[in-house]
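Beneath this line is the structure, given in structure tokens, with notes to follow.
Every number here is computed from the coordinates shown, using simple stated rules; none is lab data. This structure is a prediction, so every number in the text was calculated from the model and none was measured. As a convention, Cβ positions derive from the backbone with ideal geometry for all residues, glycine included, and neighbour counts pool all protein chains shown.
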Amino acid sequence: MEDIRICPDHGFYRGETCDCGYKGELILRKEKVEKLGRFISGILRHFPDKFGLEMDKNGWVDFEKLVRVVGRKYRWANKWIVKALIYSDKKGRYELNGNRIRAKYGHSVDVELMDMPEAFEDVLYYGTSEEESIRLLEIGIKPINQKFVHLSTTLEKSEEVARLRTDEPIILEIDAKRAREDGIRLIKANEHIVLAREIPPKYIIREIRL
């Protein structure tokens, strides 16, 4: 986790210096960034009802109401601080549109995300362990504790994700073009993540051993 700073030319960013080389004014220390990020992600992905926030089928909640909820827990977190967290997020977790905000992936609450763009990659990747890959080749890839399977757009990203769970990852290559042509909806969450309700085994092209 990194501090949030602001550059007069490029806005909020994380780390010591902006990409332009400017060391901006400190907005939020990394300890508070982590606390605030966990809380907001939790609300937008898992428990909006717990705080009285109404979420529509596409995952949107009212931004002003979210800010009020956040402010009751962390008095230092005003609207400006919440926007700093959102706009500086390197993983593309959030989308802020007018007075609506949502998480773009990672949901355990029941959402459809029908207004998110379709993904048009021909090939996608899913990182897993060797033991788990045997099972997935038989039954396909299904979500665990989430509403969507999270696929990677590059081999490198899938390896990065898989290494969080295992030291010897296996990458499953997915025929996304064929899956899409057969009617499987593939949702482009961000540059690196594509969502699907599930991936049947016939679309798994091969295993890649690293």
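Here are some notes:
- Pairwise FRET efficiency - TRP80 versus ASP49, Cβ, R0 = 30 Å, nearest 0.05: 0.65
- Helix 30-45 and the longest principal axis of the Cα set of the chain meet at an angle near 60°.
- Calculated from the alpha-carbon coordinates, the chain shows an Rg and a Dmax of 18.7, 53 Å respectively.
- Degrees between helix 79-88 axis and first principal axis of the chain (Cα, 0 to 90, nearest 10): 40
- Estimated dipole of region 1-50 in Debye, rounded to 20 [Cβ of Lys and Arg +1, of Asp and Glu -1, Cα centre]: 300
- Region 133-188 pair-distance distribution - Cα-Cα, 5 Å bins, rounded %: 4, 15, 22, 32, 20, 6, 1
- Here the 3J(HN,Hα) profile of region 113-129, calculated from phi with Karplus coefficients 6.51, -1.76 and 1.60 at θ = phi - 60°, is 6, 5, 9, 8, x, 6, 8, 10, 5, 7, 9, 10, 9, 9, x, 7, 8 Hz, Gly and Pro shown as x.
- Both radii are taken from the alpha-carbon atoms of region 4-103; with Rh as the Kirkwood radius, Rg/Rh is 0.98.
- Dimensionless Rg over Rh [region 49-155; C-alpha; Kirkwood]: 1.05
- Degrees separating the helix 63-73 axis from the principal Cα axis of the chain, which is the longest one: 70
- Summing Cβ point charges (Lys, Arg +1; Asp, Glu -1) relative to the Cα centre of region 4-103 gives a dipole of roughly 400 debye.
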